[in-house]
Amino acid sequence: MSIRRSSSADVARLIAELVSGDAQRRDMALARLAVIGSRATSALVSVANDPTERDEARVAAFEALEAIGDGRAIAAAMTALSGSAESVAVAAVGLLGRLAREKDARATKAFEQLAALTLSSRTPTAVRLAALTALEGQPERLLKPIYDALAKDPASKVVARVTRRQAGAVESLDALVAKGLPADPDVIAAVARDDGERAPLMALKRAIDAIRAREAQAADVATCERWRVARGVLHHHLASRGSRLALYDLREALEGATGPLPVGFLSAAAVIGDASCLQPLARAWVESGHDDRWWREHLAEAFRAIVAREALTRRHPALKLILERWPSTGVLVAAAKR
């Protein structure tokens, strides 16, 4: 059955639904406008370019324009990259990615804009990551100079995405654990940074267990430390989502520490650590050298964060034991209420 040609009235009605504020009506209008195609481009561009419209409506307009792939929308996408909400800019990047895959002068312009976004340290990280995603599938000869330039970028998530793509580790964290971790710990650390915010909690836990096994098998101290960095990244992501699934591993890492641990372990301890983590933190603090200021300060911060979050008093058995064993920890225990 052929699709009946839409009238201007049909487009106007769907645009009204797109900007109505009702999520279900907006999604249905988006799908219908995408089917209508280039006849809806002008109306969609008007919404996408209108800063007075809701961000959700502008995002939907760009998503419809991406599905249509009409090159006339490139100016709207370029305009939205400046001064718009992050979600709108990311949606505009999606449109540029679609246009960059075409075979005309606009494709070159879209590609150049995407490349510039990825390389700009002033651009929000989420937009840069969206631009990197939009560039996927482009010829390797075009992507290699971009990836090489980003390899030492100050934004760790950008570096993680590039490291991952260069290594070909494009599968999800869960899939990589299931098939066997990559041999390079830096690659799995990059995947952890890239996937950590959205990976299932159990996938993060399984990855921690798998990395711990690799640490134990490491041929040298340097390789072991690189695996430990990856494990710390995963602990950070678990803790940032309020999960204590791997608290046992966090506690054991603190107990076995003979020197500074990667910061992910300490940030996790501060967020989800419990009273059982206090003694290893205190021991590490006592045994650390006074010249290792970074390690001592982070240990103290994690200790005090746990005491405050768990509302421990100085009469708590864990704190009393710590003071008896290491009197110098009085400056740490002082954070507890009397």
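Count, please, the residues in segment 237-260 that happen to be assigned to a helix (DSSP H, G or I) and farther than 21 Å from S288 by Cα.
The total comes to 7.
What's the total number of residues in segment 196-230 that are of a type in the set (G, A, S), more than 22 Å from K157 (Cβ to Cβ) and not in a helix (DSSP H, G or I)?
2
Do the conditions hold for A216, that is, is it modelled with pLDDT under 95 and over 30 Å from G137 (Cα atoms)?
Working: modelled with pLDDT under 95: yes; over 30 Å from G137 (Cα atoms): yes.
For A216, the condition - modelled with pLDDT under 95 and over 30 Å from G137 (Cα atoms) - is met.
Taking segment 93-128 as the search range and keeping residues that are assigned to a helix (DSSP H, G or I) and among the hydroxyl-bearing types (S, T, Y), which one is surrounded by the fewest Cβ atoms within 10 Å (Cβ to Cβ)?
Filtering segment 93-128 for residues that are assigned to a helix (DSSP H, G or I) and among the hydroxyl-bearing types (S, T, Y), the one surrounded by the fewest Cβ atoms within 10 Å (Cβ to Cβ) comes out as T108.
Looking only at residues in segment 73-92 that are over 24 Å from the mean Cα position of the chain (by Cα) and of a type in the set (V, I, T), which one is surrounded by the fewest Cβ atoms within 10 Å (Cβ to Cβ)?
That would be T79.
Would you check which residues across segment 241-268 are in contact with an Asp or Glu (Cβ under 9 Å, 6 or more places away or on another chain) and either aromatic (F, W, Y) or touching a residue at least 40 places away in the same chain (Cβ under 8 Å) (or both) and list them?
Those that are in contact with an Asp or Glu (Cβ under 9 Å, 6 or more places away or on another chain) and either aromatic (F, W, Y) or touching a residue at least 40 places away in the same chain (Cβ under 8 Å) (or both): R241, A246, D249.
List the residue pairs whose Cβ atoms are under 9 Å apart, where the first residue sits in segment 126-154 and is on the phi > 0 side of the Ramachandran plot, the second is crowded, with 17+ Cβ neighbours inside 10 Å and not β-branched (V, I, T), and the two are 6 or more positions apart or on different chains.
G137/G97
Name the single residue, out of those in segment 157-182 being among the basic types (K, R) and surrounded by 20 or more Cβ atoms within 10 Å (Cβ to Cβ), that is nearest to the chain's Cα centre (by Cα). Outline the logic, then answer.
So in segment 157-182, the residues among the basic types (K, R) come out as 157, 161, 164-165, 179.
Checking which are surrounded by 20 or more Cβ atoms within 10 Å (Cβ to Cβ) leaves us with 161, 164.
Working: R161: 10, R164: 13 Å.
Among residues in segment 157-182 that are among the basic types (K, R) and surrounded by 20 or more Cβ atoms within 10 Å (Cβ to Cβ), the one nearest to the chain's Cα centre (by Cα) is R161.
Scan segment 139-156 and give yes if some residue there is outside any helix (DSSP H, G or I) and over 20 Å from the mean Cα position of the chain (by Cα), otherwise no. If you could, list the steps in order and put the result at the bottom.
First, the residues of segment 139-156 that are outside any helix (DSSP H, G or I): 139, 151-155.
Filter once more, so that each one left must be over 20 Å from the mean Cα position of the chain (by Cα): 139.
Yes, some residue in segment 139-156 is outside any helix (DSSP H, G or I) and over 20 Å from the mean Cα position of the chain (by Cα).
Among the residues of segment 175-187, which ones are over 15 Å from L238 (Cβ atoms) and in a helix (DSSP H, G or I)?
Keep residues of segment 175-187 that are over 15 Å from L238 (Cβ atoms), which gives 175-176, 178-187.
Answer for segment 175-187, where residues must be over 15 Å from L238 (Cβ atoms) and in a helix (DSSP H, G or I): A175, L176, A178, K179, P185, D186, V187.
Please identify the pairs in which a residue from segment 301-312 that is part of a loop (DSSP other than H, G, I, E, B) has its Cβ atom under 7 Å from the Cβ atom of a residue that is small (G, A, S), counting only partners at least 6 apart or on another chain.
Pairs found: E310/A275; L312/A275; L312/A336.
The values are calculated or read from the model by the stated rules, or taken from the named source; none is laboratory data. Because the structure is predicted, anything quoted here is derived from the model rather than measured. Heads up, the Cβs are rebuilt from the backbone with ideal geometry, glycines too, and the neighbour counts pull from every protein chain shown.
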